[in-house]
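The values are calculated or read from the model by the stated rules, or taken from the named source; none is laboratory data. Remember, it's a predicted structure, so these values are computed and weren't measured experimentally. Methodologically, a virtual Cβ is constructed for each residue, glycine included, from the backbone with ideal geometry; neighbour enumeration extends over all protein chains shown.
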Amino acid sequence: MNKFTLAALAAAITLVVTGCATTEERAARLKERAAVLASDPANATPPEEVKPIPYSPLAYSHMTCREISAIFDELTNEEARLATLQTRREYRSRVQRKFLKIGRGDGEDTMRLAAVRGKRDAAIVALEKKCALTPETPAAPAPSPAPDEKKAEEKPPA
């Protein structure tokens, strides 16, 4: 086989495999496929794009600050767990979409993640209103004296 035959054979294989004759056509087709994959409802939503479902902070009005804080901690842990599950679902959906041309889409974990985020936001509002503190900044302990003040306290006055 000469070089011309090999080049023609390679071009024919490329045309059959990709359905495009030129590199520009292949690039255009890849852009089209990426746009379809991005807008396809069969793709799962990334966890950072899941919006919280509104939840009323009044649900926590009968609780003490300690109880609300404990619930906030539980909701934070549950949110992290559900976000991990949603990340896995998104990855698997992308893989299935790529190879099988079908995706899994969003499941019940997405709705649970949105509900937990809404409850967590409501708990934050309840902590801010009822307890006058935010969950990210716990009550600070009393400040310790500066090192210079300690030395001054140790020396008896003359």
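Does the range 97-109 contain any residue that is among the basic types (K, R) and at pLDDT 85 or above? For the range 97-109, residues among the basic types (K, R) and at pLDDT 85 or above: absent.
Each residue in the range 84-104 was checked for being surrounded by 16 or more Cβ atoms within 10 Å (Cβ to Cβ) and not in a helix (DSSP H, G or I), and 2 pass. Here H62 meets the list (1) more than 17 Å from T110 (Cβ to Cβ); (2) at pLDDT below 90; (3) exposed (fewer than 11 other Cβ atoms within 10 Å of the Cβ) almost entirely, failing just condition (2).
Reported count of residues in the range 46-69, each being part of a helix (DSSP H, G or I) and touching a helix residue (DSSP H, G or I) at 6+ places or on another chain (Cβ under 6 Å), is 5.
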